[in-house]
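Student: Structure in structure tokens, see below.
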4 protein chains.
Amino acid sequence: MMKAVVLHEADQMRVERRPVPEPGPGEVLLKVNVTSICGTDVKVLHRKLPGQPAGPFIMGHEYAGTVAALGPGVDEFKVGDRVAVEVHKGCERCENCIKGWYTSCLNYGNVAKGHRAKGLTCDGGFAEYAANHVNTVYKLPDNLTFEQACMVTTAASPLWAIDLMGGYLAGETVLVQGPGPIGLLAVQLCKALGAECVILSGTRPERLAIGARLGADVLVNVREESLARRVADITGGKGADSVLECAGGPTSMQEALECVKRGGRIGVVAWYAGPVEMDMNLAVRSNVRIYAARGEGGMSSGRSLALMSAGKLDANAIITHHFALDDVHEAFHTYVDRVGNALKVVMRV
Amino acid sequence: MMKAVVLHEADQMRVERRPVPEPGPGEVLLKVNVTSICGTDVKVLHRKLPGQPAGPFIMGHEYAGTVAALGPGVDEFKVGDRVAVEVHKGCERCENCIKGWYTSCLNYGNVAKGHRAKGLTCDGGFAEYAANHVNTVYKLPDNLTFEQACMVTTAASPLWAIDLMGGYLAGETVLVQGPGPIGLLAVQLCKALGAECVILSGTRPERLAIGARLGADVLVNVREESLARRVADITGGKGADSVLECAGGPTSMQEALECVKRGGRIGVVAWYAGPVEMDMNLAVRSNVRIYAARGEGGMSSGRSLALMSAGKLDANAIITHHFALDDVHEAFHTYVDRVGNALKVVMRV
Amino acid sequence: MMKAVVLHEADQMRVERRPVPEPGPGEVLLKVNVTSICGTDVKVLHRKLPGQPAGPFIMGHEYAGTVAALGPGVDEFKVGDRVAVEVHKGCERCENCIKGWYTSCLNYGNVAKGHRAKGLTCDGGFAEYAANHVNTVYKLPDNLTFEQACMVTTAASPLWAIDLMGGYLAGETVLVQGPGPIGLLAVQLCKALGAECVILSGTRPERLAIGARLGADVLVNVREESLARRVADITGGKGADSVLECAGGPTSMQEALECVKRGGRIGVVAWYAGPVEMDMNLAVRSNVRIYAARGEGGMSSGRSLALMSAGKLDANAIITHHFALDDVHEAFHTYVDRVGNALKVVMRV
Amino acid sequence: MMKAVVLHEADQMRVERRPVPEPGPGEVLLKVNVTSICGTDVKVLHRKLPGQPAGPFIMGHEYAGTVAALGPGVDEFKVGDRVAVEVHKGCERCENCIKGWYTSCLNYGNVAKGHRAKGLTCDGGFAEYAANHVNTVYKLPDNLTFEQACMVTTAASPLWAIDLMGGYLAGETVLVQGPGPIGLLAVQLCKALGAECVILSGTRPERLAIGARLGADVLVNVREESLARRVADITGGKGADSVLECAGGPTSMQEALECVKRGGRIGVVAWYAGPVEMDMNLAVRSNVRIYAARGEGGMSSGRSLALMSAGKLDANAIITHHFALDDVHEAFHTYVDRVGNALKVVMRV
């Protein structure tokens, strides 16, 4: 038996004893060392995420640990390997999965068909152990900690957006909207991939300041000045070559359209509180391409770990709070209410 | 001197005598044979299109004719060549033009820098003669009429969207929204490029019926049934592989998002009456890519002519009314008020 | 028990009794109705294909049939469905498969890891029954025969090359080298996707003549004239926009480079008798992109069936001979020695 | 009048007095400050480069300087701007240029049509002054010297190859063949764009050693060990995700094919002494894509300058010798005969 954070009814999250999972064919059993909390976990907690199991299940999709046992047929890993995980395993038999779009699996949430979104549609990793298919497991470079490994999804989501946008930012001016954990990693990703100038926009001065430390060349507080005007000033009226919309606010898509260059690209890595309004004529006038990114597709987690290991992504910079798994309620409170300017909150197991 | 339709104040369009233009370096003089009216001309007429010349100018961006004289340095054409034209010539010196994105020219409307949007930002082709840069001129295949040639921009705009979307529709199910002239050519383009199933949605039964004759496999009258439900039924719940949004209605982007498959693409070839509302979470959930297409980029006019000449695009099917250039006011009235179910209205010069 | 064509030592192919296979998880059992012979089968027969099973195994990778039983967890098909098959199923756990490049599986030939190349690295379909994973099975449109269905791989290989090349041929001039089965289907694919002019080159007049019937606009017998000169003549000196190299001769890559336009693309769908010599400076001078296509990736089989069903691919035109499975030796003899100008040879089961 | 290096007959290069050029429309006059020698200049010197002017002309395509005068219509630069240049200006009226493929201009060498390859097909920059179209001029960041600016073409050529290959190397293992100036900059580009592991192969230990200083993670001396075996060892048998072939040797394409992963990409940035032999079956087996890169397309020079300015490309590391323009013969001798392990040789004007 093991300790696990189990969700029952909405907001009924309890630390309980559950059986240690058995790794199936192609799976490994992980001894979870560290987990972290993401905005999606909060939706899960409120029972607001479509596709959640109806009954009690183990929460958590951001975690890292050590291979404790191998399921049948696994030789990609060995017991003792330190590993990071990604959330999504495709069903591998719908046309999207066969073509490599596994975060857009057409059998999303269908456990019988082989799809897994750990901690979202099936048992996850807020526990002492978790069973993960090898498709979702990445060897952890020696110079990275488990805490850093937990940030891999947060990095891989904007990286997947960048991949969808073409993956080539060398010499570009990029606007990153929203200095939350994803935006702050997006800033670093853009610099790591050769962007010349990264403009970071947001509303919270302390978060913007972290962005500056992580490489943002220009900060724009949208409460204090017009983002579109500032971007126009910086770019000689042309607009940003690319935009990464990581803010998810009601006007952020509209601002993205106002700030992007003719012929430019917008990557979207955010969830919205409701429908948003935007002037599509701007998109048409400027021949804009918009890439909404679901999850951490394209094996972006592996690429992110490589960038972390090379010192190009400082994952520690967004980890603000540490708890034990037993203190999961306080950890969520800290995260949700941004206690002490919380960005990412990790829990040691 | 020649006859020309000159716009003065808003809605003050007059047939007048104007000097025949002199073809400059790289330009040809065209004897215009046929012109046609596009929705953008109506905006021009109301002086609502940004970038219009402030003073009087010759309207018209859809026309076809015969090469009457060659400007300095032109050997790509010879006098007597029957030709079609496209609207946009880039400045050829901004970074977008150098990279081939000439409909997204950063010097849009800047005549001094070399940009031309004929009939929109400078003199156009509602006239007996027009001077066009060779970049905007395409030889007309022998089996095409000047009337058909006038439809080339109407075809090339959705084709540019398709090009942006990857250009590869073989075996796909495509939803085309809006059975106007662009949508009706989009239906044919999709079939010409190997789409397996084209669903055409709209509100006017007579236009939908034309779509059926032009190859649409399924018609959906959105006044009578739910588009999203119907598309789900047809596709076994997966959604359309691709969507071409040619409707421009207040809810058509939202419908596109509801109808597109996870991992699917939406091309946008429409102008909107105002900002539109859409549930971006659908885009993010489904990893949707949205390609807004400006004009007839990528030399899509030449590709469109080839498809017309091969009999794969029936341009005549969307031409409903014929006038003489002198009857330009009646031609516009017919077009704007959809007299006699008008689709495209051509004027012989 | 069932009848099957089993390969023992090189060139020792025998019709024998073998157990009917049991469909595993995700697999269907097919009652094979028709099979056909491909050039790769000849290599297999000579025991020259790397990755073949060392012991006796059932040959055949081109076949079509009827679903006879469902393995565990299959609801994508039902008993009685008429289906076509593709050769390759990826392991689904290497990075290539996860990203959708299943014909380039990094566990190629590793049956234990889940890779299958039916009839090449494991039991195939020259038999009364075969077990196929759902990833390799496509519903057969009602208007297609099993014979046509057997041609799906022959069509899907050049279509995969076209997909790799961007998938967008509208209005282009395409050179197809080699009027064998693949080249003859390539001609039709190019026309089906909107190519304006298809030039077909080869050495056998009777095969070139078939190409003309299938849509080739220009035939070039390379024994009689210079291919490069002819292509230059046709294209005003520019060269072909795209080339599909389906010939596999010692000079065909060099000819492709001589014929392709600056900035053009070459797709390669051929196997070569040995290393070939080419002037890479031509490639560099002209910024050429070369796409070698392995198998029928990208689910091109499904796309091919859609084109066949729509009447855009005439698969029957390349089927020249019909045998019963019992006459497999005569069927191979006919195919290998091109008896009666044999193109594709099918065997009814 | 000005001083200039004029080529007469083959190998007849003289420092002479020539008139200062007059900048035409869209051009600027540059006071050249520094120039450098490239392998192509040596071909030019021997009168071996196709497209050279028949009569005497000014050599040199790598140079940097200061804007001295503006031609008609230029407002993109001002007198006194420090600038770098690129070699190619397209004709802007062939279909390749209109679509952005200006280094593959279909009017290559046609000065009347507007094409320019400075110092190759028309007067270049081994002179006190040169006239350059604005399309070929880039503002020099303040922190870069003219010497560094001269290296921009050497960097932009492999960067164009990377762009063609998709531009996205994050986390990849890349093999760079050839530790010449281009290969040494390619190593840095790959690291600057996030490659995890760069393997540099070559024959000269001292050049390989420079590669190590510039970021190569692994050095392979192909005289001492099998490149394919070493790459297999490093990659667990998979092969390199990408290869940049900058060696141009008789076996380097074959080695590239042996080293690249299934589904991998090869960029080619080299000129060859003659036709090369390669096993195309390897390419087909592994679904390899090969991108031959002509020149510094895609405005890669601007992107390169941004990477240099950010400290990610150390251009000085490949500059080994400095001369005055008057010593052009000694400079060429040093470069051609690799005197003192010469890599790049610059000449101050």
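A short reminder: the numbers here are calculations on the coordinates, not readings from a lab. Computed from a prediction, not measured in an experiment: that's the story for all the values here. Neighbour counts are summed over all protein chains in view; Cβ atoms, including those assigned to glycine, are modelled from backbone coordinates with ideal geometry.
Student: Convert each backbone phi in the range B:155-168 into a coupling constant with the Karplus relation 6.51 cos²θ - 1.76 cosθ + 1.60 (shift: θ = phi - 60°), then list the ³J(HN,Hα) values in order as whole Hz, x for Gly and Pro.
Tutor: Result, rounded to whole Hz: 7, 6, 5, x, 5, 5, 4, 4, 4, 4, 6, x, x, 10.
Student: Around B:Lys261, with a cut-off of 13 angstrom between Cβ atoms, what is the net charge of the other residues, counting Lys and Arg +1 and Asp and Glu -1?
Tutor: Working: positive: A:Lys99, A:Arg294, B:Lys238, B:Arg262, B:Arg265, B:Arg285, B:Arg289; negative: A:Glu95, B:Glu172, B:Asp241, B:Glu258.
Net of charged neighbours comes to +3.
Student: Shifting gears a bit: Between copies, how far apart are the B:Asp327 label points? List them in nm, one decimal, shortest first, with each point 7 Å from Cα toward Cβ, please?
Tutor: Computed spacing set for this position: 6.9, 8.2, 8.4 nm.
Student: Distance between the C-alpha centers of the range C:277-296 and the range B:314-349? Whole Å please.
Tutor: 49 Å
Student: If eta is 1.002 mPa s and T is 20 °C, what Stokes-Einstein diffusion coefficient results for the protein assembly as shown, Kirkwood Rh from Cα pairs, in µm²/s? Provide the component values of the computation, followed by the final result.
Tutor: On the way: Rh = 32.9 Å.
Estimated via Stokes-Einstein, D reaches 65 µm²/s.
Student: Quick check for you: which residues of the range C:237-268 have the amide N under 19 Å from the point 7 Å beyond the Cα of D:Glu277 toward its beta carbon?
Tutor: So the set is C:248-255.
Student: Next question, about the same structure. B:Asp233 versus B:Asn110, label points 7 Å from Cα toward the beta carbon: distance in nm?
Tutor: Inter-label distance under the simple model: 5.4 nm.
Student: Next question. If you project the alpha carbons of the range B:1-147 onto the principal axes, what extent comes out on each, in Å, largest first?
Tutor: 39, 37, 27
Student: Excluding B:Glu224 itself, what net charge comes from residues whose Cβ is under 13 Å from its Cβ, given Lys and Arg +1 and Asp and Glu -1?
Tutor: Working: positive: B:Arg204, B:Arg223, B:Arg229, B:Arg230; negative: B:Glu225.
Here the charged neighbours net out to +3.
Student: Filter the cross-link list A:Lys312/B:Lys89; D:Lys43/D:Lys113; C:Lys78/C:Lys191; B:Lys344/D:Lys113; B:Lys99/C:Lys312 down to pairs whose alpha-carbon distance in this structure exceeds 31 Å. Can you show the working numbers first?
Tutor: Values: A:Lys312/B:Lys89 42 Å; D:Lys43/D:Lys113 25 Å; C:Lys78/C:Lys191 35 Å; B:Lys344/D:Lys113 38 Å; B:Lys99/C:Lys312 35 Å.
Flagged as over cut-off: A:Lys312/B:Lys89; C:Lys78/C:Lys191; B:Lys344/D:Lys113; B:Lys99/C:Lys312.
Student: Along Cα→Cβ, 7 Å out, is where each label goes; now give me the distance between the ones at B:Arg338 and B:Ala10 in nm to one decimal.
Tutor: For the pair B:Arg338/B:Ala10, the computed spacing is 2.4 nm.
Student: Now for a separate question. Can you list residues whose amide H is under 5 Å from C:Ala131's amide H, if they're 5+ apart or on another chain and H is modeled 1.01 Å from N?
Tutor: Residues meeting the criterion, in which the H sits 1.01 Å from N, are C:Leu30.
Student: Turning to a different aspect of this structure: Using only Cα atoms, locate the centre of the range A:5-41 and the centre of the range D:186-236, then give the distance between them in Å, rounded to an integer.
Tutor: Comparing the Cα centres of the range A:5-41 and the range D:186-236, I get a distance of 43 Å.
Student: May I pose another question? Using θ = phi - 60° and the Karplus curve 6.51 cos²θ - 1.76 cosθ + 1.60, what whole-Hz ³J(HN,Hα) does each residue of the range A:240-253 get, with Gly and Pro shown as x?
Tutor: Residue by residue, the range A:240-253 yields 6, 4, 9, 10, 10, 8, 10, 9, x, x, x, 10, 6, 5 Hz.
Student: If you add up the charges near D:Gly274, with Lys and Arg at +1 and Asp and Glu at -1, over every other residue whose beta carbon is less than 12 angstrom from its beta carbon, what do you get? Spell out each step's value before the answer.
Tutor: Numbers: positive: none; negative: C:Glu277, C:Asp279, D:Glu277.
Overall, the nearby charge balance is -3.
Student: Restricting to chain C, compute how many DSSP beta bridges are antiparallel as a %, nearest 5. Don't skip to the answer; put the middle values down first.
Tutor: Working: 33 of 61 bridges.
Antiparallel bridges make up about 55 percent of those DSSP assigns within chain C.
Student: Let me ask something else. Could you tell me which residue in chain D puts its beta carbon nearest the axis mapping D onto B, with the distance rounded to whole Å?
Tutor: For chain D, the closest residue to the axis carrying it onto B is D:Gly100, 1.
Student: Would you grab the residues whose amide H sits under 5 Å from the one on B:Val268? Only those 5+ places off in sequence or on another chain, please, with H modelled 1.01 Å from N.
Tutor: When sequence neighbours closer than 5 places are left aside, the close amide H contacts are B:Glu245, B:Tyr291, B:Ala292, B:Ala293.
Student: Through the Karplus equation 6.51 cos²θ - 1.76 cosθ + 1.60, θ set to phi - 60°, convert the phi angles of the range A:315-324 into ³J(HN,Hα) values in whole Hz; use x for Gly and Pro.
Tutor: 6, 4, 5, 9, 8, 10, 9, 10, 9, 8
Student: Going 7 Å from Cα along the Cα-Cβ axis for the label, what nanometre distances separate B:Asn341 from the same residue across the other copies?
Tutor: Shortest to longest, the spacings are 4.9, 6.7, 8.2 nm.
Student: Can I ask one more? If the label for B:Arg17 sits 7 angstrom from Cα along the Cα-to-Cβ line, what are its distances to the same label in every other copy, in nm to one decimal, shortest first?
Tutor: Result, one decimal in nm: 5.9, 10.2, 10.5.
Student: Averaging over all projection directions, find the projected area of the Cα convex hull of the range A:211-278 and quote it in nm² with one decimal place. Mind showing how you got there, number by number?
Tutor: Numbers: hull surface 19.9 nm².
Averaged projected hull area, Cα only: 5.0 nm².
Student: Which lysines does B:Lys48 reach when only Cα atoms under 20 Å apart count, and residues fewer than 8 places away in its own chain are ignored?
Tutor: Of all the lysines, those that pass the test against B:Lys48 - Cα under 20 Å, at least 8 places apart if same chain - are B:Lys118.
Student: What does the helix-only formula give at 222 nm for chain C: each DSSP H stretch with n ≥ 4 adding -39500 (n - 2.57), the total divided by the residues, and the result rounded to the nearest 500 deg cm²/dmol? Display every interim value, and only then the final one.
Tutor: On the way: 11 runs with 91 residues, N = 349.
My calculation for chain C gives -7000 deg cm²/dmol from helical runs alone.
Student: Next question, about the same structure. Looking only at A:Ala68, A:Ala324, A:Ala273, which one moves most when chain A is put into a Gaussian network model with springs between Cα atoms under 10 Å?
Tutor: Looking only at A:Ala68, A:Ala324, A:Ala273, the largest GNM fluctuation is found for A:Ala273.
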